[in-house]
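J.: Provided herewith is a single structure, encoded as C-alpha cells, for subsequent inquiry.
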Amino acid sequence: MNEFLERKVRLTWGEQKPTYDVVIIGGGGHGLSTAYHLATRHGITNVAVLERKYIGGGNSGRNTTVIRSNYGVPESIRFYQRSVELYQRLEEETDRWIMHKQKGILWTVHTEAGLRQERARSFINQANGVNTEFLTPEEITEIAPEIDLNVGGGKYPVLGASYQAAASTARHDRVNWALAEGAMRHGVDVLQRTEVIDLIRDGDRVVGVRTNHGDISAPVVVSAVGGHVTRIMDMAGLRIPIRTHPLQAFVTNHYERKFDPIASSLDLGFYVSQTARGEMLAGAHIDQQPSYSYRSGHHFLSSIAHNIQMFLPFMRDLRILRQWTGICDMSPDYTPIMGRTPVDGLLITTGWGTWGFKAIPAGGEAMAELIATGRTPELIAPFSLDRFRNDRTLADRSSSGTH
Amino acid sequence: MSIRITCEHCGTRPLEEYVYGEVLDVPATIADPAERNLDRAFNHTNPEGPVPEAWFHLYGCRRWITIVRDTATDRIVD
Ligand SMILES: Cc1cc2nc3c(=O)[nH]c(=O)nc-3n(C[C@H](O)[C@H](O)[C@H](O)COP(=O)(O)OP(=O)(O)OC[C@H]3O[C@@H](n4cnc5c(N)ncnc54)[C@H](O)[C@@H]3O)c2cc1C
Ligand SMILES: [Zn+2]
C-alpha cells in the first residue's frame with residue numbers, strides 16, 4: 001500500500017447516546033478541534049459533536065484557508081501566533097496530510113494612510129514576537145514580480161507592504177477530517193445530520209440538547225455553529241453582539257506558472273493565492289446586508305475582478321471557474337468571542353467572522369482547556385463575551401470585511 | 001442574480017444602489033436604561049427569516065425606504 005493510502009483519513013461514525021460529558025453543537029473546524037483537544041489533551045472522550053448537515057459543510061469548508069498572525073492588537077497577535085505554531089505541527093501530530101504550505105503574505109498599500117498603518121502593524125507584530133516586516137516596492141518585486149507596482153497606470157502605486165513570511169495555507173477539508181478522525185479514534189461520537197432544535201434547561205442551567213433524533217443530557221454544551229449562533233443563543237434567552245453576513249470567494253482556471261505568496265491589496269480590497277491545483281483563489285469584502293443566504297452575485301465578481309487584473313495583470317487571461325459563499329458570524333470589534341455565557345452549562349465559540357480558519361487549532365485547544373479545567377486560559381480571557389459590558393472591546397481591522 | 005429592491009419613488013433597482021440601514025431593535029422587555037444602551041450599542045436580533053428593514057437609496061433618490069426582506073433567502077417579501 002502506498003503512503004498516501006496508508007495516511008488516508010478513516011472516519012467512523014457514532015450513534016447518538018442519551019448522555020455525554022460534553023456536547024458540542026456544530027461540526028465545523030472549531031467544534032471538531034474542541035473535541036479533538038478534549039480527547040487528546042485531557043482524556044475527555046465521552047463527547048459528541050452534533051452537525052446538522054455534514055462536517056465542514058459550513059465556513060470551515062468554504063474559506064480561502066489563509067493562516068497568519070499579523071493582527072493589530074497584542075491579545076489577538078499572541079492568540080493567532082499560537083495557532084500558526086499549532087498548524088505547523090498539525091500534519092505530524094495527526095499523521096494526516098493537510099497540505100500545509102508556507103507561502104508568506106504580502107499586504108500591499110497604495111496610500112499614505114495605508115503605509116502608516118502597515119508600518120505600525122509590523123512594529124506591533126514584532127513587539128509581540130511575530131516577525132512581520134515592512135517591505136519597499138523593490139523588495140515586493142523580489143517576492144512577487146507579477147505584481148504591477150504602477151497599479152492602474154500610476155493611479156494606485158504600490159508604496160510598500162507588510163509581509164509575514166510564516167503565513168501559510170492548508171487544505172480546509174483535510175483539516176476538518178484530520179481533527180474529526182483524531183477525535184473519533186479516541187472515542188468521540190461525531191454525528192452528522194443531527195440538528196440541535198432546542199436546549200434543555202433545568203432552572204437557570206443548560207443541561208442538554210434536543211436533536212432531531214431525540215434528547216441528550218450533558219453538563220456542558222458548547223455552541224460552535226458559525227453564522228447560526230444567534231439561533232442557539234435565542235434558545236438560551238441570550239442576546240449577543242453578532243450579525244451574520246455573507247462572504248464570497250472565487251477560483252479561476254489553472255494558471256500554468258507558479259505564483260508563490262498570498263498577495264493582498266488592502267486599499268484595493270482583495271486577496272489572492274494559488275491553490276495546489278494551480279487555480280487562483282480570491283476573496284474580498286463581506287456583503288453589506290446581514291443574511292443567511294448562500295447566494296453569490298455577479299456584482300461581487302465584477303467589482304473585484306477589475307481591481308485584481310490591474311494589480312496582477314496575468315489574471316486578465318484567466319477565467320472564473322467557481323464562485324461560492326459562506327455566512328460569517330461577525331462581531332462588532334472583529335475579534336472572537338469565546339468562553340462562558342451568563343447561562344451555566346453553556347459555552348460559546350463565535351465571532352469567527354471572516355478570520356476563523358486560522359484559529360481552528362488554538363481555538364479548540366483553549367476551549368478544551370476551559371472545559372477540562374473549569375478555568376479560562378489566559379490566552380483567550382480577553383475574548384470573553386462580557387468584554388462588551390466591561391468596555392474592553394478589542395477593535396482590530398485585520399481581516400477581510402473589516403475595512 | 002443580483003437582488004433587486006423596489007423603491008417607492010424610483011422603481012425596481014439593483015441592491016448595489018442602496019445602503020443597508022442599521023435596524024434598531026432593542027426589545028421592549030429590556031427596561032433598564034443602561035441595559036438598553038448596552039444592547040443598542042452591541043447586540044443584534046440577527047433574525048433568520050422575513051424582517052422589516054430600512055435602506056437608503058444612495059445612488060437614486062437619496063431617500064430612506066422600508067422593505068421586508070427574508071434573510072434566509074434574500075427574497076424581498078414586501
Ligand atoms: C469565503 C470565505 C473565506 C474565508 N477565508 C478565511 C481565511 O482565508 N482565513 C481564515 O482564517 N478564515 C477565513 N474564513 C473564516 C472561516 O472560514 C470561519 O471563521 C471558520 O471556518 C469558522 O469555523 P466554525 O467551526 O466556527 O464554523 P463553521 O465551519 O461554519 O461550522 C459551523 C457548523 O455548525 C453547523 N450547525 C449550525 N447550526 C446547527 C444546529 N442547530 N445543530 C447542529 N449543527 C449546526 C453548521 O452546519 C456548520 O457545519 C473565511 C470564510 C468564508 C466564508
Ligand atoms: Zn429611490
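The values are calculated or read from the model by the stated rules, or taken from the named source; none is laboratory data. Since the structure is predicted, the reported quantities are computational estimates derived from the model, not experimental observations. Methodologically, a virtual Cβ is constructed for each residue, glycine included, from the backbone with ideal geometry; neighbour enumeration extends over all protein chains shown.
J.: So, A:MET367, is that one under 17 Å from A:GLY227 (Cβ atoms), within 14 Å of ligand 1 (Cβ to nearest atom), touching a helix residue (DSSP H, G or I) at 6+ places or on another chain (Cβ under 6 Å) and in contact (Cβ under 8 Å) with a residue 24 or more places away in the chain or not?
T.: Against the criterion (under 17 Å from A:GLY227 (Cβ atoms), within 14 Å of ligand 1 (Cβ to nearest atom), touching a helix residue (DSSP H, G or I) at 6+ places or on another chain (Cβ under 6 Å) and in contact (Cβ under 8 Å) with a residue 24 or more places away in the chain), A:MET367 does not qualify.
J.: Do you know which residues across the stretch A:388-403 are at pLDDT 95 or above and buried (at least 20 other Cβ atoms within 10 Å of the Cβ)?
T.: Residue satisfying the conditions is A:PHE388 alone.
J.: Give A:THR350, A:THR354 a once-over and let me know the one that is in contact with an Asp or Glu (Cβ under 6 Å, 6 or more places away or on another chain) and of a type in the set (Ser, Thr, Tyr).
T.: Matching residue, one of A:THR350, A:THR354: A:THR350.
J.: Does A:VAL229 fit the bill of being within 11 Å of ligand 1 (Cβ to nearest atom) and farther than 26 Å from B:ILE3 by Cα?
T.: Judged against the criteria, A:VAL229 is not a match.
J.: Pull up the stretch B:10-37, narrow it to residues that are exposed (fewer than 11 other Cβ atoms within 10 Å of the Cβ) and within 16 Å of ligand 2 (Cβ to nearest atom), then point me to the one that is nearest to the other protein chains (Cβ to nearest Cβ).
T.: B:THR12
J.: Show the residue pairs that are 6+ apart or on different chains and have beta-carbon atoms under 6 Å apart, the first residue being within the stretch A:306-327 and exposed (fewer than 12 other Cβ atoms within 10 Å of the Cβ), the second being in a loop (DSSP other than H, G, I, E, B) and of a type in the set (Phe, Trp, Tyr).
T.: The qualifying pairs do not exist here.
J.: Would you mention how many residues in the stretch A:340-354 are part of a strand (DSSP E or B) and within 16 Å of ligand 1 (Cβ to nearest atom)?
T.: The number of residues fulfilling the criteria is 5.
J.: May I ask you to list pairs of residues, at least six apart or on different chains, whose Cβ atoms are under 8 Å apart, with the first in the stretch B:1-25 being more than 24 Å from A:SER296 (Cα to Cα) and the second being away from ligand 2 (no atom under 13 Å from the Cβ) and part of a strand (DSSP E or B)?
T.: If the second residue must be away from ligand 2 (no atom under 13 Å from the Cβ) and part of a strand (DSSP E or B), the pairs left are B:ASP25/B:HIS44.
J.: If I filter the stretch A:284-324 down to residues being touching a Leu at 6+ places or on another chain (Cβ under 7 Å) and part of a strand (DSSP E or B), which single residue comes out as nearest to the other protein chains (Cβ to nearest Cβ)?
T.: So, considering only residues that are touching a Leu at 6+ places or on another chain (Cβ under 7 Å) and part of a strand (DSSP E or B), the one nearest to the other protein chains (Cβ to nearest Cβ) is A:ILE286.
J.: Let me ask something else. Among B:ARG40, B:ARG62, which is out of contact with any strand residue (DSSP E or B) (no Cβ under 6 Å at 6 or more places or on another chain) and either within 16 Å of ligand 2 (Cβ to nearest atom) or in a strand (DSSP E or B) (or both)?
T.: B:ARG62
J.: Answer yes if at least one residue in the stretch B:57-77 is among the small types (Gly, Ala, Ser), within 11 Å of chain A (Cβ to nearest Cβ), within 16 Å of ligand 1 (Cβ to nearest atom) and surrounded by 12 or more Cβ atoms within 10 Å (Cβ to Cβ), and no otherwise.
T.: Checked the stretch B:57-77: at least one residue is among the small types (Gly, Ala, Ser), within 11 Å of chain A (Cβ to nearest Cβ), within 16 Å of ligand 1 (Cβ to nearest atom) and surrounded by 12 or more Cβ atoms within 10 Å (Cβ to Cβ).
J.: Anything in the stretch A:126-150 that is under 15 Å from A:HIS110 (Cα atoms) and touching a residue at least 60 places away in the same chain (Cβ under 8 Å)? List them, or say none.
T.: Answer for the stretch A:126-150, where residues must be under 15 Å from A:HIS110 (Cα atoms) and touching a residue at least 60 places away in the same chain (Cβ under 8 Å): A:ILE147, A:ASP148.
J.: Oh, and also: Take the conditions in a helix (DSSP H, G or I) and within 30 Å of A:ILE55 (Cα to Cα) and apply them to A:ALA113. Does it pass?
T.: Answer is no for this residue.
J.: Tell me which residues, restricted to the stretch A:208-243, are within 14 Å of chain B (Cβ to nearest Cβ) and in contact with a Phe, Trp or Tyr (Cβ under 6 Å, 6 or more places away or on another chain).
T.: A:PRO241, the sole residue that qualifies.
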